[in-house]
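Report on the structure given below.
The values are calculated or read from the model by the stated rules, or taken from the named source; none is laboratory data. In this text, all values refer to a predicted model and were calculated from it rather than measured experimentally. FYI the Cβ positions are ideal-geometry reconstructions off the backbone, even for glycines, and counts take in every protein chain you see. To get the accessible areas, we keep the full protein, side chains included, count just its heavy atoms, and leave off ligands, DNA and RNA. Shrake-Rupley method; radii C 1.70, N 1.55, O 1.52, S 1.80 Å.
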Amino acid sequence: MLEFENLYKTFGDKILFNHVSGVIREHDRIGLIGVNGTGKSTFLKAIAGIDPAETGTINHPKDYQIQYLAQAPELDEGLTVIDQIYRGEAEIMRVMRDYEHALLDLEKDPVNSKKQAKLLAMQQRMDETEAWEANTVAKTILTKLGITEFDQHIGDLSGGQKKRVAIANALIQPADLLILDEPTNHLDNDTVQWLESYIAGYKGALLLVTHDRYFLNRVTNRIYELDKGNLYVYDGNYEVFLEKKAEREELDRANEQKHANTLRRELAWLKRGAKARSTKQRARVQRVEEMKGKTFDTKKEDVAFEVGSTRLGKKVLDMAHVSKSFADKCLIADFSRLVKPRDRIGIVGPNGSGKTTLLNIMAGRMEADGGTIETGETVKIGYYTQGDEELDGNQKVIDYIKEIAEVIHTADGTVITAEQMLERFLFPRPQQWTYIRRLSGGEQRRLYLLKVLMTEPNVLFLDEPTNDLDTQTLSVLEEYLQQFPGVIITVSHDRYFLDRVVDELLIFKGNGRIDSFYGNYTQWLETRQQEINETEKPRKKHAAEKAKQQQKPKKKKLSYKDQKEWDEIEDVITGLEEKIADLQQKIADAGSDLEQVQVFFAEQQALEKELEEKMDRWEELSLLVEKIEKQ
């Protein structure tokens with residue numbers, strides 16, 4: 001295990017963690033929570049040894065391995081994908097790296113005897129180091145993350161691909177403690193779901209920061225809360241944390257009230273001049289002075305979303321036969337859509353499928369190749385984009401907001417100044433005069449969100465709004481959006497956010513096709529799984545029956561035992577696949593029940609091993625049947 005004691009760290013005049021201590025045990029799954037700017041990423045870096053605390057100690061065994069995934073990973077752009085993901089001096093990593101190079105070299109020149117010999121030698125080393133299983137796991141991770149070209153240079157990859165390589169690198173490297181800073185940012189929904197199921201079976205300890213509350217709830221068994229320099233520890237997942245935090249805050253308020261009552265009685269005693277021996281009286285005076293100096297941190301800081309919106313007429317947006325392509329790739333084909341007042345639309349699909357492009361066309365920021373778009377006269381769009389390009393680091397916080405308005409009107413007509421609005425967004429007066437570059441990434445995103453809302457829009461376009469915002473801000477934002485009187489159209493991979501905010505989905509299916517689904521994200525997932533199950537059953541049954549029919553003429557050529565096995569093996573394989581699919585569903589349904597998830601995952605691994613053996617046996621038998629047919 002890892003133990004940290006009395007860690008102390010500041011940023012300017014702000015204390016990020018004030019002599020905090022704790023223990024990370026062997027199988028802990030810890031989620032770190034806190035408002036943006038409290039020092040979550042700094043805490044992860046301190047534990048990882050990348051940016052040590054000013055004082056305090058971290059103790060762990062000498063051979064203790066820590067793997068850290070930064071929020072914005074820095075990769076060596078001169079390396080290939082293979083060199084990056086198998087980076088490290090551990091013997092097994094060196095062997096796998098050399099084996100993959102030998103394999104690629106031989107693929108380019110398959111008749112080269114020296115390269116053939118090199119590959120044979122590396123296969124021998126893979127045997128000696130027992131690296132085959134690790135290599136299979138690594139290939140599975142890479143495939144699931146959509147990484148297939150292993151000889152590509154990091155510098156030639158897109159930002160999203162680089163993030164996936166960094167995740168693969170973190171998961172593949174052997175570690176006792178895996179530290180992940182916002183691992184789900186910029187991943188599509190399907191990849192996030194796969195990552196969630198993979199981490200559930202991770203062998204080492206886990207410490208992570210994420211805004212994805214479903215992910216946080218299902219993966220963790222402990223929560224660290226960083227609040228005003230203090231570290232609070234809760235046993236349980238995110239759901240348990242919310243309950244226990246409410247109990248802690250209530251207890252703190254009760255203790256503060258009890259302290260105030262005691263102090264009031266002590267002061268009354270002294271003022272009344274109650275008789276007591278002088279030594280006792282002096283002790284009482286001293287105790288009262290100490291009580292006066294005692295403070296309670298019960299002031300709850302909440303982001304306040306009270307921004308109003310401009311009146312919206314009946315006509316919002318009418319898109320007819322819209323199309324858009326880039327080079328040879330069609331992103332949107334013949335898309336029509338009438339957006340009505342109070343619509344709540346979520347846009348989902350794989351990365352690079354065209355979700356942001358559709359949002360930009362709707363907002364008038366990008367021209368479509370074809371079709372027509374009519375926007376209502378009363379429409380006032382507020383567009384929250386993914387990037388930070390609109391923030392000037394050399395500008396002061398207050399000046400940035402005053403560019404929009406000196407005052408704004410809330411939903412109930414109250415006039416609020418820019419300074420007051422910043423305070424409601426957790427930017428105290430002293431911080432309002434600091435430069436934007438000194439804010440954390442999450443604080444910058446919160447500031448940018450405030451600027452968008454202060455334009456008092458009646459149509460909100462949100463492109464990945466949950467990235468880099470803390471869970472507390474997200475909860476309040478969701479409540480605000482539920483009361484928002486206008487239209488909301490959002491691109492998001494955050495399942496929790498989509499479930500709370502939208503009631504309709506636009507789903508990018510590829511090749512320009514966009515389907516519509518009425519319901520939230522979880523409802524769509526359930527419908528999609530049912531459709532997959534219904535589609536797969538007839539196909540597997542037909543394949544098994546067809547295979548049996550093809551084998552009938554040659555039955556006499558096989559031994560009785562082999563023939564019996566050949567007749568049954570297709571059904572056995574189909575049955576195993578169905579059981580695995582059922583277990584995968586059970587894992588998803590188990591949610592935060594980590595113990596149950598581990599049981600199901602162990603069963604799944606055993607079945608997958610059995611399935612692999614059956615597939616190998618099926619291949620042997622099919623070759624035998626083929627040979628008999630040729631004879």
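Counting Lys and Arg as +1 and Asp and Glu as -1 over every other residue whose Cβ lies under 13 Å from the Cβ of A121, the net charge comes to 0. For region 346-359, backbone phi angles converted through the Karplus equation (6.51, -1.76, 1.60; θ = phi - 60°) give residue-by-residue couplings of x, 10, 10, x, x, 4, x, 7, x, 4, 5, 4, 4, 4 Hz, Gly and Pro being listed as x. Rounded to the nearest 20 debye, the dipole magnitude of region 324-381 is 340 debye, with +1 charges on Lys and Arg beta carbons, -1 on Asp and Glu beta carbons, and the Cα centre as origin. Listed values for region 453-459 are Karplus-derived 3J(HN,Hα) couplings in whole Hz (6.51 cos²θ - 1.76 cosθ + 1.60, θ = phi - 60°), namely 5, 6, 6, 6, x, 10, 10, and x replaces Gly and Pro. Listed by chain and number, the aspartates and glutamates whose C-alpha is less than 16 Å from the C-alpha of K380, apart from same-chain residues fewer than 8 away, are D318, D343, E456. Rolling a 1.4 Å probe across the protein heavy atoms gives region 561-631 an accessible surface of 64 Å² per residue. Annotation: amide H of T378 within the under-5 Å range of G313, sequence separation 5 or more or interchain, hydrogens built in the peptide plane. What are the semi-axes of the equivalent ellipsoid of region 89-225, taken as the square roots of 5 times the eigenvalues of the Cα gyration tensor, listed largest first and rounded to whole Å? Over the Cα atoms of region 89-225, the semi-axes work out to 33, 18, 11 Å. Divide the volume of the convex hull around the Cα atoms of region 1-141 by the residue count and you get 154 Å³ per residue.
Relative contact order of region 1-103, taken over Cα pairs closer than 8 Å and 6 or more residues apart, is 25 percent. Taking every protein chain into account, the accessible area of region 404-449 amounts to 46 square angstrom per residue (probe 1.4 Å). Annotation: peptides 56-68, 475-487, ranked by per-residue average of other Cβ atoms within 10 Å with the highest first, follow the order 475-487, 56-68.
Rounded to the nearest 20 debye, the dipole magnitude of region 350-411 is 200 debye, with +1 charges on Lys and Arg beta carbons, -1 on Asp and Glu beta carbons, and the Cα centre as origin. Considering only I436, M421, Y400, the residue lying farthest towards the positive end of the dipole of region 392-439 is I436, judged by Cα position with unit charges set on Cβ. Leaving out ligands, DNA and RNA, and with a 1.4 Å probe, what % of the accessible surface on the chain is carbon or sulfur? The computed percentage sits at 48.
About its Cα centre, the dipole of the chain is roughly 2020 debye, where the only charges are +1 on Lys and Arg Cβ and -1 on Asp and Glu Cβ.
Proximity of backbone amide H atoms, modeled 1.01 Å from N, is registered between D369 and S323, K324, S325 at under 5 Å, excluding neighbours fewer than 5 places apart on the same chain. Dipole of region 1-149 computed with +1 at Lys/Arg Cβ and -1 at Asp/Glu Cβ about the Cα centre; of L120, N36, L104, farthest Cα towards the positive end is N36.
Cut-off under 13 Å on the C-alpha distance; same-chain residues fewer than 8 positions from K118 excluded. Which aspartates and glutamates are left, in chain and number order? K118 reaches D98, E100, D105, E107, D109. The largest accessible area among E565, E182, E619 belongs to the first residue in E619, E565, E182, and the rest follow in falling order (1.4 Å probe, all chains). Using the average count of surrounding beta-carbon atoms within 10 Å as a protection proxy, the listed peptides 420-433, 92-105 rank, highest first, as 92-105, 420-433. So for the chain: antiparallel DSSP bridges make up what percent, rounded to the nearest 5? Antiparallel bridges make up about 55 percent of those DSSP assigns within the chain.
Beyond 46 Å, the tail of the calculated P(r) for the chain holds 30 percent of the Cα pairs. In sequence order, region 56-63 has phi-based couplings of x, 10, 10, 10, 7, x, 4, 8 Hz under the Karplus curve 6.51 cos²θ - 1.76 cosθ + 1.60, θ = phi - 60°, and Gly or Pro positions carry x.
Per residue, the accessible area of region 133-198 comes to 36 Å² when a 1.4 Å probe rolls over the protein heavy atoms. When you restrict to C-alpha pairs under 8 Å that are six or more residues apart and normalise by the size of the chain, the relative contact order lands at 14 percent.
For G519, the residues whose amide H sits under 5 Å from its own are E504, L505, ignoring neighbours fewer than 5 places away on the same chain, with H placed 1.01 Å from N. Tell me the relative contact order for region 325-472 as a rounded percent, counting alpha carbon contacts under 8 Å between residues six or more apart. Once normalised by length, the contact order is 30 percent. Taking the charge dipole of the chain about its Cα centre, with +1 at Lys and Arg Cβ atoms and -1 at Asp and Glu Cβ atoms, the residue from Q161, G88, I223 reaching farthest to the positive side is I223. Cross-link pairs exceeding 26 Å between alpha carbons, from the set K228/K355; K45/K203; K163/K509: K228/K355.
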